[in-house]
Every structure is written in structure tokens, then in C-alpha cells.
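The values are calculated or read from the model by the stated rules, or taken from the named source; none is laboratory data. These figures come from a predicted structure and were not determined experimentally. When we count neighbours, we look across all protein chains shown, and the Cβ atoms used for this are built from the backbone with ideal geometry, even at glycine.
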Amino acid sequence: MQHERSAAVLSNTSLARRAWDIRRKAVRMGKVQGQGYVGQALGVADVLAVSYFHALNHRPADPEWEGRDRFLLSIGHYAIALYAALIEAGILPEAELETYGADDSRLPMSGMAAYTPGMEITGGSLGQGLGIAVGMALGLRAKGNPAFVYNLMSDGELGEGSTWEAAMAAAHHRLGNLICIVDFNDQQADGKSTETLSAEPLPDKWAAFGWHVQRVDGNDLDALVAAFNTARNLEGDRPRAIVCDTVMCKGVPFLESREITHFVRVEADEWQKALSVLDETRPE
Ligand SMILES: Cc1ncc(C[n+]2csc(CCOP(=O)(O)OP(=O)(O)O)c2C)c(N)n1
Ligand SMILES: [Mg+2]
């Protein structure tokens, strides 16, 4: 099977607009429910924009197309971020945004594969995504399918032993079709990741496990595009990790500067305020 490219490759200016749109959609969903992991969504929006509008080979009108690159959301609590990207990509209709978190919605607050087109796995139990990605990458290779498997995980998941078992297996099986993205926002439920259970020096760890590794500013679109290009085009069969240093609540300064925690506190009147702040910074 040829690895045809069907996703539009856009300029970085357009990517900035896509990232902005993803942020705005995530905040709109948070406003609907009055809650949601919006700090994570704002932080990872650039990574998702580059994934869905530059790197992924996919067909929005046919989310189950066999040749698609698989994008696994290991972190089920980031579902609000992925829904925003799936809506932006045209995989989900925009009107469904209003149903976020409601009974019978296809957009439950934690990601569930059975509910949502484009949600490849049910990833809420942390530390499972990379193992599933290894199995998928092995399966695709066995079928002669040249698609990539992307696994988006968090820095909190680096403390799960299962992540490192999967990392070891990926290198052992020479899974050059596997790209693991770590959203390193230096936050987890108990505080800063580097103070709770540090995984540093993180690039050295991935490298020691036999992976090709890059570490980039995960809110820099140019750096992300370059890193994804390198990961996709790398010769050889090492699995590839991209550690993305991101800022929680990126793009909404009054939230960025708040004492950030896993559960960023957004007061009832602040959802609209956050939308207004974004509206002032809309890229062309
Ligand atoms: C196996 C497992 N243990 C605990 C949890 C509860 N939990 C949900 S999110 C989270 C924080 C994990 O760290 P990270 O994803 O880096 O947090 P964030 O950046 O979103 O603050 C925890 C402990 C879980 N979902 N799964
Ligand atoms: Mg984190």
C-alpha cells in the first residue's frame, strides 16, 4: 500500500489560525459545561494543529479509512482538546460542541473510542496508550500498511511503569512506524511533574531505551513542524519520541499567570472573558 498524502499541508500562518481555532473551541466547550481540562487543551493546541493539519495522513470524511495514520489519545482527560481538533478538522460537526459532557453526547468528558468518530482508543487509565500503540504498530506492519501510529501522552504518564515496558518493546520490535508525543507541561495531579516524580533527563531516557528523540518548544509551530517532519522522514527503524515542552493555558494570559494546577480554576464569568481575550489575538 502506498503511503499517499491526503491531508492538506498548510503554511505556518494557517497553522497559527488552526491552533487558535482549537483553543477557542475548547474554551467554548468548557463554557458549555462550566468545567473541563481547558488548561491542558490550551497548552497542547499547537501540537494538535500540527498533527491534524500538517503531519497526519487522514481523510476527515472517512475517519475509519484503513490507510489513516492512527492518532491515539492516551490521556482521556485531554478529550476536550482532541474534540476541538476533530471539529476543526471536520471529523466532527461543529454543532456537537454544544453537547460536550451532556448525557447521550458523543463528546463525553473523558475520551471513549466507542462514542466518538476519530477517537481511536479509550485512554483514561493512564499509562496504557503507548502499549496499545505498540500493538497497533506491530499489526499495521504485519498487514503491510505503511501508516504511522502517533501516541499523545502526558508527562504524568512517565511515572507509569507500563509506559517504559512499552518503550522497551517498541525498540525491540524496531517500530519505526511509531511516534510518541509527550506533552510536557510540568504538571500532574499532585503538582509539578519535576517535583513529584522527575523523569529528567528525559531525552536521555528515551535514547537509552533505543528511541530517536527530539525535544522542542511545544508552543512553537515552526519547531513542531520541523520535529514532526524529522520523525516521519527518519531513516531506519527506531521508534521516535517528540518531547514537547508546553505552557498550560497558553494563549489566555490571565489563566497562564494564575497558579496553575491540574485543575485550573475558571470562574463562571471567566469563560466569556477567556473567549474575549482569544478574540483579541486571532491570527489572520
Ligand atoms: C492509572 C491512573 N492513575 C491515576 C489516574 C488519575 N489521574 C487523572 S489525570 C492525572 C494526572 C496525570 O498527569 P498529567 O496527565 O501530566 O496531568 P496534567 O498535565 O493534565 O495536569 C491523574 C493522576 C488515572 N486516570 N489513571
Ligand atoms: Mg502534565
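Selection of helices (runs of 4 or more DSSP H) fully inside the range 219-284 by the criterion of at least 3 residues being under 30 Å from A147 (Cα atoms) returns 221-233. Remark: pairs (first residue in the range 191-212, closer than 24 Å to N177 by Cβ; second residue part of a loop (DSSP other than H, G, I, E, B) and charged (D, E, K, R); Cβ separation under 9 Å; 6+ apart in sequence or on different chains) = L202/D155; G210/R174; G210/R238; W211/R238; H212/R238. Restricting the first member to the range 114-128 and to residues that are closer than 23 Å to I91 by Cβ and within 16 Å of ligand 2 (Cβ to nearest atom), and the second to residues that are of a type in the set (V, I, T) and in a loop (DSSP other than H, G, I, E, B), the beta-carbon pairs closer than 7 Å and six or more apart or on different chains are G123/I75. Within the range 27-46, the set of residues being assigned to a helix (DSSP H, G or I) and either under 12 Å from G251 (Cα atoms) or within 13 Å of ligand 1 (Cβ to nearest atom) (or both) comprises V27, V38, G39, Q40, A41, L42, G43, V44, A45, D46.
Only one entry of A49, A133, A102, A81 meets the criterion of being surrounded by 24 or more Cβ atoms within 10 Å (Cβ to Cβ), at pLDDT 95 or above and over 26 Å from E256 (Cα atoms), and that entry is A133.
Condition check ((1) surrounded by 15 or more Cβ atoms within 10 Å (Cβ to Cβ); (2) under 19 Å from the mean Cα position of the chain (by Cα); (3) in contact (Cβ under 8 Å) with a residue 12 or more places away in the chain) across all residues:
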| residue | (1), (2), (3) |
| --- | --- |
| V216 | yes, yes, yes |
| N219 | yes, yes, yes |
| F228 | yes, yes, yes |
| E235 | no, no, no |
| R240 | yes, yes, yes |
| P253 | no, no, yes |
| R258 | yes, no, no |
| Q272 | no, no, yes |
| L275 | yes, no, yes |
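Among the residues of the range 190-203, those identified as within 11 Å of ligand 1 (Cβ to nearest atom) and touching a helix residue (DSSP H, G or I) at 6+ places or on another chain (Cβ under 7 Å) are D190, S193, L197, A199. Of the residues I181, I132, which single one is in contact with a Gly (Cβ under 9 Å, 6 or more places away or on another chain), β-branched (V, I, T) and not in a helix (DSSP H, G or I)? Step by step, each of I181, I132 is checked, and only I181 is in contact with a Gly (Cβ under 9 Å, 6 or more places away or on another chain), β-branched (V, I, T) and not in a helix (DSSP H, G or I). Screening the range 160-194 for residues that are within 16 Å of ligand 2 (Cβ to nearest atom) and polar (S, T, N, Q) and picking the one that is surrounded by the fewest Cβ atoms within 10 Å (Cβ to Cβ) gives T194.
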